[in-house]
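Written out below as structure tokens is the structure these notes cover.
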Amino acid sequence: MSQSKNSPTEELYAVVRGRVQGVGFRYFVVEKAASLGLRGYARNESNGDVEVLAQGSRPALEHLLSLLRQGPSAAYVSDVQVIWREPTEHVSGFHVRW
């Protein structure tokens, strides 16, 4: 389903906490987000969290959020802090940011 005028672009900013580094979490996010047609990035934070910025339709972003709360099988997600907002920057594709 492509985005239409009825589905304005929104932005999901999330900070994922738990055992989310060293378990393939960022690559899991990239794979899932790309399959949902989202744009954005995932990156590790120095404190052990993973930051995710995703842009797209609200239904696709909500689906990604549910996946963030689960993570890949080796991860343990203890908390996901979420901010919904208007897009803050232009991003293309979905990738790991360093």
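The values are calculated or read from the model by the stated rules, or taken from the named source; none is laboratory data. Note that the structure is predicted; figures quoted are calculated from it, not measured. Quick reminder, even Gly has a Cβ in these numbers, built from the backbone with ideal geometry, and neighbours come from all protein chains shown. Calculation scope for accessible area: heavy atoms of the full protein, side chains included, ligands and nucleic acids excluded. Shrake-Rupley method; radii C 1.70, N 1.55, O 1.52, S 1.80 Å.
For the range 70-98, residues that are touching a helix residue (DSSP H, G or I) at 6+ places or on another chain (Cβ under 7 Å), over 13 Å from residue 33 (Cβ atoms) and among the aliphatic types (A, V, I, L, M) total 4. Filtered by the rule that a residue be at negative phi and in a loop (DSSP other than H, G, I, E, B), the range 68-93 gives 72, 73, 74, 75, 86, 87, 88, 89, 90, 91, 92.
Scanning the range 43-69 for residues that are more than 14 Å from residue 33 (Cα to Cα) and touching a strand residue (DSSP E or B) at 6+ places or on another chain (Cβ under 8 Å) returns 44, 45, 48, 49, 50. Scanning the range 23-62 for residues that are open to solvent by 40 Å² or more (accessible area, probe 1.4 Å) and under 14 Å from residue 96 (Cβ atoms) yields 27, 31, 32, 34, 39, 43, 44, 45.
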